[in-house]
Amino acid sequence: MSAEILNELRSAIVEMRFDDTEGLARRALEAGVQAVDVLNDACLPALDEVGVLFREGDYFLPDVLMSVKAYDSAYRLLLPGLKEGAYESRGRVMLGTVEGDIHEIGKNILHALLQGNGFDVVDLGVNVSPAVFLEKAKEHKPDIIGMSALLTTTMPVMKETIELFAKEGLKDSFRFIVGGSPLNQRFSDEIGADGYGEDAQSGVELVRRLLAS
Amino acid sequence: MHALIELLLKEAPVVTDGSWGTQLQKRGLSRGECPDMWNLSNPDRVREVAALYVNAGSRIILTNTFGANRFVLGKFQAAEKVVGINGAGVKISKDAAAGRALVFASIGPSGKMLVSGDVTEASLAEAFEEQASALSAAGADGIVVETMMDINEAVIAVRAAKATGLPVIASMVYDSGKAKDRTMMGNTPEHCAEALAAAGADAIGANCGQGIEGFIPVCKKLNAATALPLWMKPNAGLPEMVNGEVVYRTGAEEFARHVPALLENGACFLGGCCGTGAEFITEIRRAIEGKK
């Protein structure tokens with residue numbers, strides 16, 4: 001019975017039926033499933049599936065946003081139960097578009113996907129200077145710092161940011177990831193980042209991989 | 001169809017211009033600077049770019065107003081300068097054209113997403129109306145709504161542009177999905193063709209996002225889906241980093257080798273987007289001459 005409900009909830013998230021997900025999550029809780037299990041056995045696998053559909057080109061951004069919205073209705077219902085239970089965030093990621101660059105769509109997509117995957121996200125917005133990255137990293141102590149750039153002219157700020165952390169002796173305290181349409185793996189390696197995500201979904205997978213290692 | 005577009009089609013294929021952003025960077029536009037503000041602070045260098053394309057034989061040149069809407073300018077604390085920046089942009093291109101080329105003013109995306117509730121349709125409409133009327137008041141010959149990734153935003157911008165009475169071109173970025181023939185929002189060429197025509201576009205097309213080879217299947221689909229003339233502005237390939245410098249791999253001659261395929265699939269207006277310069281315009285003209 002409860003397996004059936006969880007399965008139905010998973011499909012409802014993938015199929016963007018955001019009117020159904022809250023009710024299904026409630027039914028699962030009423031059937032005696034722990035909030036953390038509803039999250040781990042239905043919600044997160046659903047978002048993983050959405051991520052794969054996005055990466056493969058079957059889903060587009062609006063589909064992802066609708067699925068995250070469907071997930072969110074269920075998640076908000078689960079939240080009180082998660083706080084009591086043995087639920088831990090998968091990790092904290094701090095994001096920002098680098099100084100001189102005001103393009104935020106890519107970063108916002110990654111933000112939504114990371115949240116949907118159970119990560120805490122600290123979003124510094126756009127036009128973030130190396131000094132602000134440093135200051136906020138000290139304050140929020142993220143596991144991973146993600147930098148985004150759309151402009152080829154702003155890509156070097158990523159390098160400057162990593163160099164500033166190195167100068168402060170903090171380069172190894174955080175993992176750095178970079179993304180944005182003009183970037184590639186070689187650039188990421190050149191500037192000493194820990195990883196590069198070709199698109200938002202690979203960004204999520206990269207975060208998972210880094211936190212698992 | 002708008003009389004000016006009809007007139008232009010008599011001499012089709014019509015050569016448009018190449019990239020502005022790449023050219024402004026070559027002239028010292030630095031990181032973090034707002035390109036559109038150069039219309040006020042560095043008009044001579046903007047004029048150089050416009051003149052570059054006029055001298056290369058562009059029949060239509062655009063304007064340095066791609067991001068001159070209140071949302072993008074607002075990020076540079078210049079939201080109140082919409083009218084001045086757009087007006088100056090048209091004037092600069094007009095001066096450089098000196099009657100030798102037409103000036104179609106550029107309207108780019110707002111940078112906000114309708115789908116995530118970032119912005120409402122009404123406030124987008126207001127912003128695009130403000131920009132379009134400033135461009136029109138300054139004497140633009142037409143308006144190009146370009147680099148749009150969301151058909152809903154494009155339709156709002158086209159309606160705003162059409163309200164000025166000028167001819168309007170509507171161009172989307174197709175770079176997503178399995179076959180790289182959808183917009184970021186998943187819109188197909190067929191869907192865009194229908195929606196943009198319904199919004200009143202006088203010509204539709206594609207720009208940016210991928211190199212010229214990737215434009216051929218998109219052009220074919222648009223051609224099958226619409227009777228409107230087609231506008232194509234591909235990138236010079238995709239940017240790559242080489243020793244810390246940004247490089248576009250496709251050269252002008254290689255680019256021009258694909259021009260006949262676009263013409264065969266109905267392209268009427270041809271130019272280039274990111275990474276292209278005056279030499280691309282020269283080569284496109286040569287390729288067209290070869291076809292005539």
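The values are calculated or read from the model by the stated rules, or taken from the named source; none is laboratory data. All values reported here derive from a predicted model rather than from experimental measurement. Reconstructed Cβ throughout: ideal geometry from the backbone, glycine too, with neighbour counts over all protein chains shown. SASA here: full protein model, heavy atoms, side chains in, ligands and nucleic acids out. Shrake-Rupley method; radii C 1.70, N 1.55, O 1.52, S 1.80 Å.
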If Lys and Arg each add +1 and Asp and Glu each add -1, what is the summed charge of the other residues whose beta carbon sits under 11 Å from the beta carbon of A:Asp63?
-1
Largest to smallest principal axis extent of the C-alpha atoms in the stretch B:173-292, angstrom:
45, 36, 22
Summarise the accessible area of the stretch B:1-110 (1.4 Å probe, protein heavy atoms) by the percent that is carbon and sulfur.
55 percent
Estimate for me the total accessible surface buried between chains A and B (protein heavy atoms, probe 1.4 Å, no ligands or nucleic acids), in Å² to the nearest 100.
2200 Å²
Would you kindly give the portion of the calculated P(r) for chain A that falls above 25 Å, as a percent of all Cα pairs?
40 percent
Which one of A:His140, A:His103, A:His111 has the biggest mean-square fluctuation once chain A is modelled by GNM with Cα springs under 10 Å?
A:His140
Is it possible to state the helix-based mean residue ellipticity at 222 nm for chain A, with each DSSP H run of 4+ residues giving -39500 (n - 2.57), the sum divided by total residues, to the nearest 500 deg cm²/dmol? What is it?
-17000 deg cm²/dmol
Counting only residues 5 or more apart in sequence or on a different chain, those whose built amide H sits under 5 Å from that of A:Val178 are A:Met147, A:Gly195, A:Tyr196, A:Gly197
Given a 1.4 angstrom probe, what's the average accessible area per residue across the stretch A:10-123, in square angstrom?
42 Å²
Charge tally in the Cβ shell below 13 Å around A:Gln115, where Lys, Arg are +1 and Asp, Glu are -1, A:Gln115 excluded:
+2
Residue-normalised accessible area of the stretch B:3-291, given per residue in Å² at a 1.4 Å probe:
36 Å²
For the protein assembly as shown, whose charge dipole is built from +1 on Lys and Arg Cβ atoms and -1 on Asp and Glu Cβ atoms, the candidate among A:Leu211, B:Ser171, A:Ile13 with its Cα farthest towards the positive end is B:Ser171
Give a residue-ordered list of calculated ³J(HN,Hα) values for the stretch B:82-98 (Karplus: 6.51 cos²θ - 1.76 cosθ + 1.60, θ = phi - 60°; whole Hz; x for Gly, Pro).
3, 5, x, 5, 5, x, 5, x, 5, 4, 4, 5, 4, 4, 5, 5, 6
Percent of Cα-Cα pairs more than 36 Å apart in chain B, please.
7 percent
Helix A:200-212 against the longest principal axis of chain A: what's the angle in degrees, Cα atoms only, rounded to the nearest 10?
90 degrees
Relative to the longest principal axis of the C-alpha atoms of chain A, give the angle of the C-alpha long axis of helix A:61-84, reported between 0 and 90° and rounded to the nearest 10°.
70 degrees
The stretch B:1-154 shape via C-alpha gyration tensor axes, a/c threshold 1.5
oblate
Taking chain A as a Gaussian network, where each spring joins two C-alpha atoms under 10 Å apart, which residue of A:Arg186, A:Arg17, A:Arg90 fluctuates the most?
A:Arg186
Find the centroid of the Cα atoms in the stretch B:5-29 and in the stretch A:39-107, then give the distance between the two in whole Å.
41 Å
